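Working notes, beginning with the structure itself.
Here, each number is a calculation from the coordinates, and none is a lab measurement. Note that the structure is a prediction, hence the values are computed from the model and not measured. In this analysis, Cβ positions are derived from the backbone assuming ideal geometry, glycine residues included, and neighbour counts consider all displayed protein chains.
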Amino acid sequence: MVKCLVIFTLMDKDTMLTLQVGVQTMSLGRPLKNSLLAAAKMGADAVEIDARTELRGEVQSQTAIRQFRKLLEDLNLKIAALSYPTRRGYDVIDRLDERIAGTKEAMQLASALGAPVVVNCVGHVPSSMDVEEDEQERKRWNFLCDVLGELGHFGDRLGTVLAAETGNESGSRLGDLIHAISAGSIAVTLNPGNLILGGFNPLEAIGELRSLIRYVRARDAVRQGRGDRGSEVALGRGSIDPPALLGGLEEQDYRGTITIERRESMDPHFEIGQAVQYLRNL
């Protein structure tokens, strides 16, 4: 099977930076095993799997985990990340215990499957100015730091990191939050499409987040102006400059997976396959 590797030579170093290309199985809109087969045929190196929906009932025992890992091995795939999407962030008290427990279960499952990252949005992140001037926002900030610190500490013991996804706030604001966490490791999932839809610059976010970036979702989008909510488009047809984006990641020595995400497509299988080829040819 031909493997899909995007390789960049560092001009000032003797090493080569190799980025592996992944496919988000949920984007394919198929049963999980069919999506895994499709990703393998596309030449992907890795997959991102939704722990809440796709893996529910699939890996309930150690035997099932071993069988699932064997399936991945036979397909020459690895799991780049598990996602654990929640409707509310970790800053909302209502049913927070359930979200924390579910996130920890996803992190345990990720560890058992050899996935280094669990992805979720962490919730509303106050600005540093709001934290300084507004007592309620300061409490929200401290509360969020405490919860993320607990999850980070839990992940440290497992060797799996929770990576907060970008998009609802600037890279600098998210970075400030993570740097403020006193205990436990929390990282970042860079999603350039989300950043564009949120009105932010993905290249600026890379410079602001730097080594915090542990995972990347390749999602493209366009946004015409302040009043335009924007829309997702096929990779390479939106506002993202993929060569510049990958160059920015190269400068930060990013060595993780670039995983293709396509939520809004009439033919996701075709477009994701095209995106794999697009990244290969850069």
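Run the dipole for the chain about the Cα centre, Lys and Arg Cβ at +1, Asp and Glu Cβ at -1, nothing else charged, and hand back the magnitude in debye, nearest 20.
With only Lys, Arg, Asp and Glu charged at Cβ, the dipole is about 1100 debye.
Where does each of 204-215, 174-185 land if you order them by average Cβ count within 10 Å, highest first?
So the order, starting with the most tightly packed, is 204-215, 174-185.
Of R173, R219, R56, which is the most mobile in a GNM of the chain whose springs link Cα atoms less than 10 angstrom apart?
Result: R56 has the largest fluctuation of those listed.
Taking only DSSP H segments of four or more residues, each worth -39500 (n - 2.57), what value at 222 nm results for the chain once the sum is divided by all its residues, to the nearest 500 deg cm²/dmol? Present the calculation step by step, with values, prior to reporting the outcome.
On the way: 11 runs with 124 residues, N = 282.
Rounded to the nearest 500, the figure is -13500 deg cm²/dmol.
Quick test of the membrane-span-like rule: which DSSP H helices of the chain reach at least 24 Å along their long axis (C-alpha atoms) with mean Kyte hydropathy at least -1.0? Show your work: numbers first, answer last.
Values: long enough: 96-113 (25 Å, 0.04); 135-158 (35 Å, -0.82).
In the chain, the long hydrophobic H runs are 96-113, 135-158.
I want the antiparallel fraction of DSSP beta bridges within segment 5-281, as a percent rounded to 5.
Values: 8 of 36 bridges.
The answer is about 20 percent antiparallel.
Based on the alpha-carbon set only, what is the convex hull volume of segment 5-281 divided per residue, in Å³?
140 Å³
Determine the shape class of segment 218-282: with a ≥ b ≥ c the square roots of the Cα gyration tensor eigenvalues, call it rounded for a/c under 1.5, and otherwise prolate if a/b is greater than b/c, oblate otherwise.
Oblate shape, in that a/c is at least 1.5 and b/c is the bigger or equal ratio.
Please order Y254, Y278 by the number of other Cβ within 10 Å, starting at the fewest.
Values: Y254 21, Y278 18.
Fewest-to-most ranking of Y254, Y278: Y278, Y254.
Using the number of other C-beta atoms within 10 angstrom as an exposure proxy, rank E250, E261 with the fewest first.
By the 10 Å Cβ count, ascending: E250, E261.
On the Cα set of segment 141-260, report Rg and Dmax in Å, please.
14.7, 45
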